[in-house]
Amino acid sequence: MRALAAIGAALAVTLTACGQSPQVMLVQTSIVLPPPPPEPATPPGDQLAIGPAAVDTTGGWLPDGTTLSPFDVTNPILSQIDPALLTAVQNAARAAEASGIELRVTSGWRSKGFQQRLFDDAVGTYGSVAAAAQFVATPEVSRHVTGQAIDIGPPEADQWLIANGRQFGLCQIYANEIWHFELAADAQGNCPPLRPNAAG
């Protein structure tokens, strides 16, 4: 403000010397700074306890209790599985609906990173790599990673698909996973013998 007053005084002297009335109005100016940017929102907690990447749906994750229609092809869980497998599941879903059964997808395509997180979590749950491998495959061998496996629910839908899926080429693969299906029936509609688990 003192600097502005000094400038005004000098201007008044100059105007007086030129024979003009020194009617000078000093206006105090100020610089308005923009408000600081808001703090970034805290991301939601990881509900799977297997790392923050699990909240990324594009990796194949679904929140607990969430399922997909077999026709929800906008979701990468379905859009990135084998087209022949997807068609078979959709055909089976139509037939099941005619029998009063709704097929829901609980898992499909998974990224390698997400599959690794699932496997690591299983190691923590079951206590060893060997035990975990009976329930969760590693990314190197998982058929979910290659888009060639799909998990179906609820249990009544699994039972319907076990009984009728072979006419669509769909087979239960593991004895301990009634929800896991692959396009594995031969030309005669025969499914391969059940494996005891993902490691067998």
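Data overview
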| quantity | calculated |
| --- | --- |
| Qualifying positions in the range 105-116 - surrounded by fewer than 20 Cβ atoms within 10 Å (Cβ to Cβ), touching a residue at least 60 places away in the same chain (Cβ under 8 Å) and out of contact with any strand residue (DSSP E or B) (no Cβ under 8 Å at 6 or more places or on another chain) | GLY113 |
| Residue that is surrounded by the most Cβ atoms within 10 Å (Cβ to Cβ), among those in the range 161-200 that are of a type in the set (A, V, I, L, M, F, W, C) and out of contact with any strand residue (DSSP E or B) (no Cβ under 9 Å at 6 or more places or on another chain) | ALA199 |
| Test for ASP158: is it out of contact with any helix residue (DSSP H, G or I) (no Cβ under 7 Å at 6 or more places or on another chain), assigned to a strand (DSSP E or B), in the same structural domain as ASN75 (by TED's automatic domain parsing) and modelled with pLDDT of 95 or more | no |
| Which listed residue, of ALA130, ALA88, ALA137, ALA93, is touching a residue at least 60 places away in the same chain (Cβ under 8 Å), under 17 Å from PHE168 (Cβ atoms) and either hydrophobic (A, V, I, L, M, F, W, C) or part of a loop (DSSP other than H, G, I, E, B) (or both) | ALA88 |
| Filtered residue count, the range 117-127, keeping only those that are buried (at least 19 other Cβ atoms within 10 Å of the Cβ) and free of Cβ contacts under 8 Å to residues at least 40 places away in the same chain | 2 |
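The values are calculated or read from the model by the stated rules, or taken from the named source; none is laboratory data. These numbers come from a predicted model, not from an experiment. Here Cβ is always computed from backbone atoms with ideal geometry, including for glycine, and neighbour counts include all displayed protein chains.
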